[in-house]
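The values are calculated or read from the model by the stated rules, or taken from the named source; none is laboratory data. Everything numeric in this text was worked out from a predicted model, so none of it was measured. Note: ideal-geometry Cβ built from the backbone for every residue, glycine included; neighbour counts use all protein chains shown. Side chains included, ligands, DNA and RNA excluded: accessible areas come from the protein's heavy atoms. Shrake-Rupley method; radii C 1.70, N 1.55, O 1.52, S 1.80 Å.
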Amino acid sequence: MSVQIGNIELGEFPLLLAPMEDVSDPPFRYVCKQNGADMMYTEFISSEGLIRDAAKSRQKLDIFEYERPIGIQIFGSDIDHMREATEIASLAGPDLMDINYGCPVKQVACRGAGASLLQDIDKMVAMTKAVVGATHLPVTVKTRLGWDDNTKNVYEVAERLQDVGIKALTIHGRTRAQMYKGVADWSMIRDIKKNPRIRIPIFGNGDIDSPEKAAEWRMQYEVDGMMIGRAAIGYPWIFREIKHYFKTGQHLDKPTIAERIEVCKTHLQKSMEWKGPRTGIFEMRRHYSNYFKGVPDFKEFRMKLVTAATVEEIMDILGEVAKKYAFEMA
Ligand SMILES: Cc1cc2nc3c(=O)[nH]c(=O)nc-3n(C[C@H](O)[C@H](O)[C@H](O)COP(=O)(O)O)c2cc1C
């Protein structure tokens, strides 16, 4: 059965690209979309930044037609500011708005935003209601199981946020206290999915990193779709690999060196187009080792790639990579 968020049709069992700060920008989203991501989100955007018209926050509002459907994710601690930020972000023309109630990092969660709202559900409900009322777009939420082991309240959160009008909920199977440690536990996500009161799509998130795990957890936890974050960094093929495995039970061949180089070049190209050549080249540096993870003796090339200052140099180095590994890893 096709999953629907408001009027957005996502097909059966959609795979979502997770919002990730400093990662899920338009260049990265481009390569994920090419490889099968069904829906994507921007990096989280500070509501305060949007209101102040800060350049960094504004830039994160950039979305492109080929990315649709795409959601803009915002976070904040002040309800009025969240309302105002929703109005500003909606004007950028996304397909939906998403609220971050999951971010565990101190600068966010200790300033009353992100996951800290899990400690004050009344405020979370009021904030969500304000956001829903401030836009014509569907609103989704991303959150965690709860603040810590003693307060895993996402079951209540799901019911109450549905009651104020959210159209889908993504749950990362960890508490705030866990940060990214331990193993994600999706059992509460299944409980919510089985709650007869819940009618909105429920997406599972946390630790999906292979087609087998995706297939197993799909069966085991009965979610409507999955959101994938870290496993897509430097490996956007994860989306098409999972889809292929769902369809056929067979593994798609791993990307060849030539494919890795091709996607890396596309990412770099998009990065330069969007950020300008200088910043584009600089910010691409963090991605090279991910694209070539597992390639033996790659260190020497990585060192060259992260110090190269021009696109010509980078292309030459990638040419050397192609030559060296063409036969070994074809
Ligand atoms: C580098 C990084 C940045 C992240 N930034 C965001 C963010 O901006 N908004 C958000 O909701 N979650 C953010 N997350 C959390 C991810 O969306 C996701 O919930 C988490 O990584 C677990 O999923 P995974 O195991 O598939 O990576 C971030 C995670 C990482 C690793």
* Answer yes or no: is there a residue in segment 292-312 that is within 23 Å of the chain's Cα centre (by Cα), modelled with pLDDT of 95 or more and of a type in the set (Lys, Arg). => no
* Hits in segment 67-93 (condition: open to solvent by less than 10 Å² (accessible area, probe 1.4 Å) and either within 13 Å of the ligand (Cβ to nearest atom) or of a type outside the set (A, V, I, L, M) (or both)) -> GLU67, GLY71, ILE72, GLN73, ILE74, GLY76, THR86
* Asked: Any chance segment 306-314 includes a residue that's touching a helix residue (DSSP H, G or I) at 6+ places or on another chain (Cβ under 9 Å) and under 15 Å from ILE257 (Cβ atoms)?
  -> no
* Would you kindly identify the helices (runs of 4 or more DSSP H) lying entirely within segment 233-319 that contain at least 1 residues that are closer than 27 Å to ALA214 by Cα and open to solvent by 80 Å² or more (accessible area, probe 1.4 Å)? => 238-248, 257-275
* Asked: Which of (1) more than 20 Å from SER57 (Cα to Cα); (2) in contact with a Ser or Thr (Cβ under 7 Å, 6 or more places away or on another chain); (3) part of a loop (DSSP other than H, G, I, E, B) is the odd one out, the single condition ARG176 does not satisfy?
  -> (2)
* Structure fact -> Within segment 144-173, residues being open to solvent by 30 Å² or more (accessible area, probe 1.4 Å) and in a helix (DSSP H, G or I) number 5
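Return a yes/no flag: does segment 139-148 have any residue that is within 15 Å of the ligand (Cβ to nearest atom), touching a Gly at 6+ places or on another chain (Cβ under 8 Å) and on the phi > 0 side of the Ramachandran plot. Working first, answer last.
Step one: of segment 139-148, the residues within 15 Å of the ligand (Cβ to nearest atom) are 139-146.
Narrowing the set further to residues that are touching a Gly at 6+ places or on another chain (Cβ under 8 Å) leaves 139-140, 142-145.
Keeping just the survivors that are on the phi > 0 side of the Ramachandran plot gives none.
No, segment 139-148 contains no residue that is within 15 Å of the ligand (Cβ to nearest atom), touching a Gly at 6+ places or on another chain (Cβ under 8 Å) and on the phi > 0 side of the Ramachandran plot.
In segment 13-34, how many residues are touching a helix residue (DSSP H, G or I) at 6+ places or on another chain (Cβ under 9 Å) and open to solvent by 30 Å² or more (accessible area, probe 1.4 Å)?
So the answer is 4.
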* To do: Output the residues belonging to segment 5-35 that are within 18 Å of THR170 (Cβ to Cβ) and touching a Pro at 6+ places or on another chain (Cβ under 8 Å).
  => ILE5, GLY6, ILE8, LEU10, CYS32
* To do: Name, by its number, the condition in (1) open to solvent by less than 20 Å² (accessible area, probe 1.4 Å); (2) within 16 Å of the ligand (Cβ to nearest atom); (3) under 24 Å from MET127 (Cα atoms) that does not hold for ILE5.
  => (2)
